[in-house]
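This is the structure, below, for whatever I ask next.
The values are calculated or read from the model by the stated rules, or taken from the named source; none is laboratory data. Since the structure is predicted, the reported quantities are computational estimates derived from the model, not experimental observations. As a convention, Cβ positions derive from the backbone with ideal geometry for all residues, glycine included, and neighbour counts pool all protein chains shown. Ligands, DNA and RNA are stripped out before the accessible areas are found, and what is left, the full protein with its side chains, is counted by its heavy atoms. Shrake-Rupley method; radii C 1.70, N 1.55, O 1.52, S 1.80 Å.
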Amino acid sequence: MTTQDAAVRLFHDLIGHAPDGIWSAPGRVNLIGEHTDYNDGLVLPFAIPHRTYAAVGMRSDDRIRVASTFADAPVEVSLDELRSLFPTGAGAQPAVAEWAAYPLGVAWALQLADATAHGIEHGVDIAIASDVPVGAGLSSSAAIEGATASALNELWAVGLDRTALAGIGRRAENEAVGAPTGIMDQMASMLGEADAALFLDCRSLEAQTVGLGMAEAGLAILVIDTRVSHAHSTGGYRERRASCELGAQIMGVPALRDVSVDDLPRAQELMDDVTFRRVRHIVTENQRVLDTVQTLRESGARAIGDLLVASHVSMRDDFEISVAELDTAVQAALDVGALGARMTGGGFGGAAIALVEQHAAPTVTDAVTAAFTASGFTAPHIFPVTPSAGAARDA
Ligand code: ADP
Ligand code: MG
């Protein structure tokens, strides 16, 4: 059974008839540009083939019901209750099951954004199924937000464009779930295109697609899911954001986006070593995104390997968000000839990516698996990802 069929079946089991439509949105892999998003900086993600499907039907009453193959029981609230459910106060748990805060948060944010004269009067039933690995750094959260936002935007005739819907997803994640994430994941999920990456300026939200030409060049990208689960809303992620804010404050700029590589010597004089290294990662990472886009345009994907490796080293040594499993994956892939490799996503677990010759994919897979065994780590989950299209209506 396809994932899309699973969503329809869940809808049918729950509601007893067919949905009005099916919408889906993909997870994403970030090619380069890590932790730059919330510093108003530059990122270069692409959407992956793994998608979250939402089978959705309008109701005649004012109830909103969400169900997921991922959860034991559906969650139901009224449109009125939704208004008082969120935002969730800082550090507070949502008043609904955490997973339900993603789709309900999207419904809430759309309700607030709705500027149509007719208003939102009717509830909806939402059944969700997904093949995006959860908590692996592939943004199952943006996928569930994107699928739900696309569906409700259409059924409720709110009329927002894709960029605005990415903002709806972010608002849900920040204010309903309480995870302080940037806009990158939602933009990649909403705006991704086949065989292309999305060069996104997180300050202006200006987005350009950059062709990758993977198949033509005989290249593949492997995701190496370390199966070490991360938790965005806690600990290290918040700490890194605080360091970045402190660094920007010391430099007297609104965000680290405004610090250039040439400013780094002055930054080093002004701040403590840890804050400086956090700042140096962000500043050099923004430059690496620019360099990667230029290299892709001038020389193609084969030429970006060293930039990927430099990004990993910066995250490992300066930003200190890697873990032994991610370092092992990157090193083992490079040792057997991967053109480049880096951890991707927020860090502290999750996945790495490796840029490899198509024909070398099995060799790299075996080498990484063997290195994990030798280190006594849980076996990684390794699979190729083709840069794919963003959110869509499927039926
Ligand atoms: P990531 O986005 O890297 O996968 P997050 O912690 O940001 O990890 O988001 C994962 C959370 O999103 C899950 O714990 C769950 O609450 C929610 N989620 C993702 N996919 C689904 C789904 N198919 N059904 C229900 N909830 C989901
Ligand atoms: Mg996420």
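Residue by residue through segment 189-240, note down the ones that are open to solvent by 40 Å² or more (accessible area, probe 1.4 Å), among the basic types (K, R) and not assigned by TED's automatic domain parsing to the domain that holds A147.
R227, R238
Report, by residue number, each residue of segment 257-277 that is more than 21 Å from the chain's Cα centre (by Cα) and either assigned to a loop (DSSP other than H, G, I, E, B) or under 18 Å from Y38 (Cα atoms) (or both).
If the condition is that a residue be more than 21 Å from the chain's Cα centre (by Cα) and either assigned to a loop (DSSP other than H, G, I, E, B) or under 18 Å from Y38 (Cα atoms) (or both), then D258, V259, S260, M271, D272, T275, F276, R277 are the ones that fit.
Does segment 77-108 hold any residues that are open to solvent by less than 20 Å² (accessible area, probe 1.4 Å) and within 16 Å of ligand 2 (Cβ to nearest atom), and which are they?
P94, A100, A101, P103, G105, V106
Can you tell me which residue in segment 137-157 is farthest from ligand 2 (Cβ to nearest atom), limited to those that are part of a loop (DSSP other than H, G, I, E, B) and surrounded by fewer than 24 Cβ atoms within 10 Å (Cβ to Cβ)?
My answer is A157.
Residue-by-condition table, conditions (1) in contact with a His (Cβ under 6 Å, 6 or more places away or on another chain); (2) of a type in the set (V, I, T); (3) in the same structural domain as L222 (by TED's automatic domain parsing); (4) buried (at least 21 other Cβ atoms within 10 Å of the Cβ):
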site: L270; (1), (2), (3), (4): no, no, yes, no
site: Q287; (1), (2), (3), (4): no, no, yes, no
site: G300; (1), (2), (3), (4): no, no, yes, no
site: H312; (1), (2), (3), (4): no, no, yes, yes
site: V323; (1), (2), (3), (4): no, yes, yes, no
site: L334; (1), (2), (3), (4): no, no, yes, no
site: T373; (1), (2), (3), (4): no, yes, yes, no
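Next up: Restricting attention to segment 38-55, does a residue exist that is within 22 Å of the chain's Cα centre (by Cα), outside any strand (DSSP E or B) and among the aliphatic types (A, V, I, L, M)?
Scanning segment 38-55, I find no residue that is within 22 Å of the chain's Cα centre (by Cα), outside any strand (DSSP E or B) and among the aliphatic types (A, V, I, L, M), so the answer is no.
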